[in-house]
Amino acid sequence: MLIDTHAHLNDRKFEKDFEKVIKRAKASDVNKIINIGYDLPSSLKAVEQAENHEMLFAAVGVHPHDAKDADEMVFEELYSLCRNSKKVVAVGEIGLDYYRNLSPKEVQKKVFIYQINLAKQVNLPIVVHDRDAHGDTLKILKDERAGRIGGVLHCFSGSWEMAKECIDMGFYISIAGPVTFSNARRLQEVAKNIPLERLLIETDCPYLTPQPHRGKRNEPAYVIHVAEKIAELKGISYETLADATTKNAEELFGI
């Protein structure tokens, strides 16, 4: 069995065939999916979907793109979701994104730190988004002692040196579809080196579709291609990789 640890089934790209997407995931041996919020409306939808489907769980949070729109009311609602829904298993996705800079950097940092502390209050792990912000992401995780609650660096795009620092803090590293791309040599090297006990897999659907489906909408069923590629890189069986990443996800998210 596999667990897709980062999906956005709350995205409107899944509105027309949501139930079919769930069925295809089950048919591909995906037995659990972490459905990730990125602002308040998507977090509310992720929780609603999780409460209506046994195999779905939710993470709630404000993505760095939307940090400029976060206010006290938003954080109060997120706190309430964490406290009142048993299907909420993480705070996320939260972090920094300096690639698109849709929110000012200082606002991103402030909202990231605030949500780390929210996660501490509700005793949940964090799901960290980091794009072109490796240095500041590491600094905040260290300064805030985020390793105490743990979490995952999702869709990891940093160096092996950064991955080691995150692992040393107690974080998991999650690998997505780009590991299957022929030109992703650095990511493949990172995936090869990550200890099995600290590795997670994901789709980040509807984005980052792996080979051989590249160019189409991504969905949880395709996480099998991520698993197969990493097993190949590590020189281990697919079953060993699947068992390890499933165990890791269950332990991190308490599912």
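Give me the residue from segment 207-240 that is small (Gly, Ala, Ser) and in contact (Cβ under 8 Å) with a residue 24 or more places away in the chain and, out of that set, farthest from Lys13 (Cα to Cα).
Residues of segment 207-240 that are small (Gly, Ala, Ser), as a first pass: 215, 221, 227, 231, 235, 237.
Now restrict to residues that are in contact (Cβ under 8 Å) with a residue 24 or more places away in the chain: 221, 227.
Working: Ala221: 15, Ala227: 24 Å.
Ranking the candidates gives Ala227 first.
For segment 113-138, what are the residues that are surrounded by fewer than 22 Cβ atoms within 10 Å (Cβ to Cβ), among the β-branched types (Val, Ile, Thr) and closer than 15 Å to Val88 by Cα?
Val122
Kindly list, by first and then second residue, each pair from a residue in segment 147-162 that is in contact (Cβ under 8 Å) with a residue 24 or more places away in the chain and of a type in the set (Val, Ile, Thr) to a residue that is part of a loop (DSSP other than H, G, I, E, B) and surrounded by 20 or more Cβ atoms within 10 Å (Cβ to Cβ), limited to pairs with Cβ atoms under 9 Å and residues at least 6 apart or on different chains.
Matching pairs, first to second residue: Ile149/Leu124; Ile149/Pro125; Val152/Pro125; Val152/Phe171; Val152/Glu202.
Restricting to segment 32-87, name every residue that is in a strand (DSSP E or B), touching a residue at least 40 places away in the same chain (Cβ under 8 Å) and not charged (D, E, K, R). Working first, answer last.
Of segment 32-87, the ones in a strand (DSSP E or B) are 32-36, 56-60.
If we keep only those that are touching a residue at least 40 places away in the same chain (Cβ under 8 Å) too, we end up with 32-34, 36, 56-57, 59.
Those that are in a strand (DSSP E or B), touching a residue at least 40 places away in the same chain (Cβ under 8 Å) and not charged (D, E, K, R): Ile33, Ile34, Ile36, Leu56, Phe57, Ala59.
For segment 2-50, enumerate the residues that are touching a Phe, Trp or Tyr at 6+ places or on another chain (Cβ under 7 Å) and surrounded by fewer than 22 Cβ atoms within 10 Å (Cβ to Cβ).
Val21, Lys32
Rundown of residues vs (1) buried (at least 24 other Cβ atoms within 10 Å of the Cβ); (2) touching a helix residue (DSSP H, G or I) at 6+ places or on another chain (Cβ under 9 Å); (3) hydrophobic (A, V, I, L, M, F, W, C), yes/no style:
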residue: Asn52; (1), (2), (3): no, no, no
residue: Phe57; (1), (2), (3): yes, yes, yes
residue: Glu77; (1), (2), (3): no, yes, no
residue: Ser85; (1), (2), (3): no, yes, no
residue: Val91; (1), (2), (3): yes, yes, yes
residue: Tyr98; (1), (2), (3): no, yes, no
residue: Lys105; (1), (2), (3): no, yes, no
residue: Gln108; (1), (2), (3): yes, yes, no
residue: Val111; (1), (2), (3): yes, yes, yes
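Determine whether segment 178-195 contains at least one residue that is under 20 Å from Asn35 (Cβ atoms), surrounded by 15 or more Cβ atoms within 10 Å (Cβ to Cβ), modelled with pLDDT of 95 or more and aromatic (Phe, Trp, Tyr). Working first, answer last.
So the first thing to find is which residues in segment 178-195 are under 20 Å from Asn35 (Cβ atoms), and the list is none.
Scanning segment 178-195, I find no residue that is under 20 Å from Asn35 (Cβ atoms), surrounded by 15 or more Cβ atoms within 10 Å (Cβ to Cβ), modelled with pLDDT of 95 or more and aromatic (Phe, Trp, Tyr), so the answer is no.
The values are calculated or read from the model by the stated rules, or taken from the named source; none is laboratory data. Computed from a predicted structure; not experimentally measured. Neighbour counts run over all protein chains shown; Cβ positions are idealised from the backbone, glycine included.
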